[in-house]
Amino acid sequence: MSVLTHEEKINVTVGDQEYFKGIGRINYEGPETDNPLAFRWYNPEKVVAGKTMKDWLRFACAYWHSFNGNGADPFGLPTHHFAWEDKKDVLERAKAKADAAFEFITKLGIPFYCFHDVDVIDFTDDPAENEKRLAAIAEYLKEKQKASGVQLLWGTANLFSHPKYMNGAATNPDFLVVAHAAVQVKAALDATVALNGQNYVFWGGREGYMSLLNTNMKREKEHLAMFLRKAAEYGRSIGFKGKFFIEPKPCEPSKHQYDYDCETVIGFLRQYDLLDDFSLNIEVNHATLAGHSFTHELQVAADAGLLGSIDANRGDYQNGWDTDQFPNNINEITEAMLIIMEHGGFQGGGINFDAKRRRNSTDPEDLFYAHIGGMDVFARALIIADNILQHSEYKELRKKRYASFDSGAGADFEKGNLSLTDLRNYALSMGQPKPISGKQEYLENLINRFI
Ligand code: XLS
Ligand code: NI
Ligand code: NI
């Protein structure tokens, strides 16, 4: 199936210039299709467990990877070149990039997008000028949203790229840098509210340390908490109704980041009384870098009622860094969807593809294949997880494992009615416990049976 035969399906309104030429609207064609530019599983209006796929999954396109990431790595120059780069005027260039972004997002039928301030327009060293630039492009993005129906899932500020943040942003030992971080967060919140953004994200790549020898960790964490509190207060004061998400990551670029993993962030939010405003945005590759499975992180968040949103991607089994590959592992995503569905879906967030095509994926359609694959694997996992929940003993088996706490002495223990001596007497009266199988292989086979 070639790209060009699909061209007949083009039915997308774009500006004067079409950036992704020869690629039309990506449609659902079903599992049997051999068209690489079609969905085999993602059928937005299909109802699964009482909600449409679109509403369960709430896909978002990440501006930074798809429209800024140029394939450069620490060893090599850019390999991805964009048609809008040659525009000389900064606002014109940013508008052209927005045209291309919305063309892409619309062709794929992705309902949301996410951006950092610096993704949508080039920043300078002058903070006041940056405020103006962001406000100007936000005006334009507002029009693009209106024309396309695409919505902003979350906004954020890039507090890690500029050299001034080399020692941290909100946790910088120099108060002036902390204040400069506030300039950016304030403007990014203004833009998020202007664009009716549903959430706002903090990912603290530089909020951590490189060496403890020069770091007052306690003070830095207190500064981070104060900064987050002031950001939330400001957001509420300008009418922001959504959630603030913290995106945990253990390291990279800092040696150790304060938002290490979900448990760490939950403890931090509780300690500083930030749980009313803040929830979690969980990234697959960050979970694995923290030495956890993605499902572990989801479960920790869900159990705390903080399953806000996810950044979808995957790491590499051999490389120990944030490779941000597009998700494609059906087992991993099925197990994730089981947790997400059992907890009723995302609380305010969605599935943001914080993922990039590889440096050597240089054809424009590669960006489409990447997103189609990611969307299809989640859609398929949604269907499978629903089947497992509806038509298998998966839930029942786990429930049964804890049946001894559902009545009698076990229930009394859960209520706090048994002393340590009561427990001792119970044990002696009952004799040795019999082995009860955990049935792991049985359950693993069950998942594969439904896949
Ligand atoms: C980097 C993070 C980043 C956040 C947004 O590892 O994943 O992309 O999602 O700042
Ligand atoms: Ni991320
Ligand atoms: Ni990441």
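The values are calculated or read from the model by the stated rules, or taken from the named source; none is laboratory data. Just so it is clear, the model here is predicted, and its values are computed rather than measured. Counting neighbours? That spans all protein chains shown, and the Cβs are built from the backbone with ideal geometry, glycine included. The area values use the complete protein model at the heavy-atom level, side chains included, leaving out ligands, DNA and RNA. Shrake-Rupley method; radii C 1.70, N 1.55, O 1.52, S 1.80 Å.
Miscellaneous remarks
- Relative contact order [Cα under 8 Å, 6+ residues apart], the stretch 229-280, whole percent: 38 percent
- As a fraction of the 1.4 Å probe accessible area of the stretch 153-226, surface on carbon and sulfur atoms comes out at 62 percent.
- Probe 1.4 Å, protein heavy atoms only - accessible area per residue of the stretch 109-251 in square angstrom: 43 Å²
- For Val48, the accessible surface of its heavy atoms amounts to roughly 10 Å² (probe 1.4 Å, protein chains only, rounded to the nearest 10).
- Met210 - accessible surface, heavy atoms, 1.4 Å probe, Å² rounded to 10: 120 Å²
- Partner lysines whose Cα lies under 19 Å from the Cα of Lys356, excluding those fewer than 8 positions away in the same chain, are identified as Lys97, Lys107, Lys249.
- Look at the Cα gyration tensor of the stretch 254-352: its axes a ≥ b ≥ c give a/c of at least 1.5 with a/b at or below b/c, and that counts as oblate.
- Dipole axis of the stretch 200-318 (+1 Lys, Arg; -1 Asp, Glu on Cβ), positive-most option in Tyr234, Val201, Phe278: Tyr234
- Helix 420-430 and the longest principal axis of the C-alpha atoms of the chain enclose an angle of approximately 60°.
- By the helix-only formula, in which each DSSP H run with n ≥ 4 contributes -39500 (n - 2.57) and the sum is divided by residues, the chain has a 222 nm mean residue ellipticity of -14000 deg cm²/dmol.
- To the nearest ten degrees, helix 217-237 and the longest principal axis of the Cα atoms of the chain are 70 degrees apart.
- The stretch 379-424: GluC sites (Glu not before Pro) in DSSP coil with no more than 14 other Cβ atoms inside 10 Å: Glu393
- Angle between the chain longest axis and helix 364-391 axis [Cα atoms, degrees, rounded to 10]: 20 degrees
- Relative contact order (%) - criterion: Cα under 8 Å, at least six apart; region: the chain: 14 percent
- Overall shape: oblate for the stretch 176-307, with the ratio a/c of the largest to smallest alpha carbon gyration tensor axis at 1.5 or above and b/c at least equal to a/b.
- Here the 3J(HN,Hα) profile of the stretch 282-288, calculated from phi with Karplus coefficients 6.51, -1.76 and 1.60 at θ = phi - 60°, is 9, 10, 4, 5, 6, 4, 5 Hz, Gly and Pro shown as x.
- Protein-only accessible surface order, largest first, of Leu420, Leu159 at 1.4 Å: Leu420, Leu159
- Short-range pairs are left out: with C-alpha atoms under 8 Å and at least six residues apart, the relative contact order of the stretch 87-241 is 24 percent.
- When Tyr209, Tyr113, Tyr260 are compared by accessible area at a 1.4 angstrom probe, the order from most to least is Tyr260, Tyr209, Tyr113.
- Global form of the chain, assessed from the alpha-carbon gyration tensor, a/c cut-off 1.5: oblate
- 11 Å beta-carbon shell around Gly345, net charge (K/R +1, D/E -1): 0
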